[in-house]
Amino acid sequence: MSDIRLNGKMVSFTRITLETDNLVSIESEIAKLANKLYGMPVIVDATITLPLNHILDLLRKQGLQPLAVMEGTLAEQSRAMQFPVLAADPAMQRVTPTEPAATPKNNTFGIKKNQDTLPDNGNGNTLHREVLRTGQRLVVDHGDIILIADMNSGAELISSGSIHVYGTARGRLMAGASGALNVHIFCQKLEAELVSVSGTFCVAEDIPTEMIGQAVYISLSNDGTLEFNLINPS
């Protein structure tokens with residue numbers, strides 16, 4: 001019998017994408033995230049070149065656990081220090097939202113939310129009326145995204161704020177992509193491949209079975225895990 005045994009294990013982790021070279025700002029934002037996600041394994045990504053050693057030290061200092069970096073601007077430094085590098089994401093078609101929407105005081109499913117969940121960015125929220133198809137990605141950098149259509153498998157919906165889907169939500173839904181913690185995902189019918197709130201994610205196999213096909217809202221609990229709730233429980 002072999003002295004080595006291979007076991008599979010699902011590991012929760014979050015992906016941090018850095019888009020500034022202001023190390024003071026990065027340290028401040030990481031500290032805020034660590035208050036909610038202490039001990040969380042993280043994958044590091046960046047759109048500009050940064051001192052990787054310093055970034056890893058900041059993450060560890062705040063109690064986060066760097067696992068690897070994404071292929072890209074940090075990959076060369078990572079390989080030089082024999083730190084793992086993960087393959088880049090497959091190419092997807094970036095979709096332009098159909099129109100901006102007025103900022104609602106309450107979400108449109110009728111559940112009251114604290115106004116702090118809606119970022120005061122001056123731009124309001126974003127409305128998209130078309131089906132989000134396989135291979136398409138819709139990204140909103142400010143406010144909430146409201147999708148008044150279905151979302152197909154293999155599509156991605158990414159928002160710095162909350163996500164509202166008036167249709168069947170398949171594919172991957174990621175709310176709080178900019179690090180906001182008090183955000184939600186609202187679905188008229190949940191059939192997602194993956195849902196993520198502020199970097200904490202859950203794949204389809206781990207979504208509670210009683211939530212599949214239902215009108216659901218998803219949030220981040222006080223202990224940093226995802227909470228699933230029926231919008232209209234019977």
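Every number here is computed from the coordinates shown, using simple stated rules; none is lab data. Note that the structure is predicted; figures quoted are calculated from it, not measured. In this analysis, Cβ positions are derived from the backbone assuming ideal geometry, glycine residues included, and neighbour counts consider all displayed protein chains.
Per-structure values
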{"quantity": "Nearest 10 degrees, 0 to 90: helix 23-37 Cα axis against the chain principal axis", "calculated": "70 degrees"}
{"quantity": "By average C-beta atoms within 10 angstrom, highest first, the peptides 223-231, 203-211, 56-64", "calculated": "56-64, 223-231, 203-211"}
{"quantity": "Relative packing of 153-166, 76-89, which averages over residues the other C-beta atoms within 10 Å, highest first", "calculated": "153-166, 76-89"}
{"quantity": "Region 38-80-region 188-227 distance, computed between alpha-carbon centres (Å)", "calculated": "26 Å"}
{"quantity": "Between 0 and 90°, nearest 10: helix 52-61 axis offset from the chain longest Cα axis", "calculated": "70 degrees"}
{"quantity": "Those aspartates and glutamates that a straight Cα-Cα span of less than 18 Å connects to K189, excepting residues fewer than 8 apart in one chain", "calculated": "E130, D150, E156, E205, D206, E210, E227"}
{"quantity": "Size-normalised alpha-carbon gyration radius of region 14-86, reference 2.2 N^0.38 Å", "calculated": "0.99"}
{"quantity": "Reduced Cα scattering model of the chain, Debye log10 I(q)/I(0), q = 0.08, 0.10, 0.11 Å⁻¹", "calculated": "-0.31, -0.49, -0.59"}
